[in-house]
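To keep things clear, I will list the structure first and then write my remarks on it.
The values are calculated or read from the model by the stated rules, or taken from the named source; none is laboratory data. Since we're looking at a predicted model, the values are computed, not measured. Glycine gets a Cβ as well: all are built from the backbone with ideal geometry, and neighbour counts include every protein chain shown. Accessible surface is based on the protein model in full, side chains and every heavy atom, while ligands, DNA and RNA are left aside. Shrake-Rupley method; radii C 1.70, N 1.55, O 1.52, S 1.80 Å.
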Amino acid sequence: MAQAVLDCGRLPDGAAEAARVFYSDWLPKVTGALAGEVDTLAIVMNVADYDHADWRRAVAHDLARQHAPKRVNVVSGEGAALAATLAYLECAPGVTGHYLPLEQQP
């Protein structure tokens with residue numbers, strides 16, 4: 001089965017508020033997808049400051065552990081870098097539980 005991609009759109013700029021919005025609005029959609037036919041899920045989040053890394057990493061780790069052997073990764077980025085990373089993840093069966101903040105090109 002192909003990788004499913006869930007784009008969370010624009011989350012708030014503040015880390016605590018962004019985490020709250022993700023857990024209240026998006027986590028039910030994530031767990032619903034993983035309870036169904038999805039074997040591999042890439043969660044796409046907007047680019048954010050460094051203070052978002054901890055909660056995003058925890059989301060990736062916890063979801064991957066809870067839903068193994070299904071694969072879950074969190075990616076933040078846009079454009080060609082995001083497309084290339086999603087293509088890589090789809091073909092990388094050993095990669096799960098990672099938060100991948102992509103470098104943004106000027």
Exercise. Report whether or not GLY36 is crowded, with 18+ Cβ neighbours inside 10 Å, modelled with pLDDT under 95 and farther than 13 Å from HIS98 by Cα.
Key: no
Exercise. Would you mind telling me which numbered condition in (1) in contact (Cβ under 8 Å) with a residue 24 or more places away in the chain; (2) of a type outside the set (Lys, Arg); (3) closer than 19 Å to ALA2 by Cβ ALA81 fails?
Key: (3)
Quiz item: Just checking, how many residues over the range 78-96 are under 15 Å from VAL44 (Cβ atoms) and not in a helix (DSSP H, G or I)?
Solution: 1
Quiz item: So how many residues does the range 1-57 have that are assigned to a helix (DSSP H, G or I) and over 12 Å from SER76 (Cα atoms)?
Solution: 24
Quiz item: Residues of the range 1-43 being of a type in the set (D, E, K, R) and farther than 16 Å from ALA92 by Cβ, which ones?
Solution: ASP7, ARG10, ASP13, GLU17, ARG20, ASP25, LYS29, GLU37
Quiz prompt | Number of positions in the range 7-32 that are crowded, with 18+ Cβ neighbours inside 10 Å and either in contact (Cβ under 8 Å) with a residue 60 or more places away in the chain or out of contact with any His (no Cβ under 7 Å at 6 or more places or on another chain) (or both) | solution = 6
Quiz item: Can you name every residue in the range 47-80 that is open to solvent by less than 50 Å² (accessible area, probe 1.4 Å) and at pLDDT below 95?
Solution: ALA48, GLY77
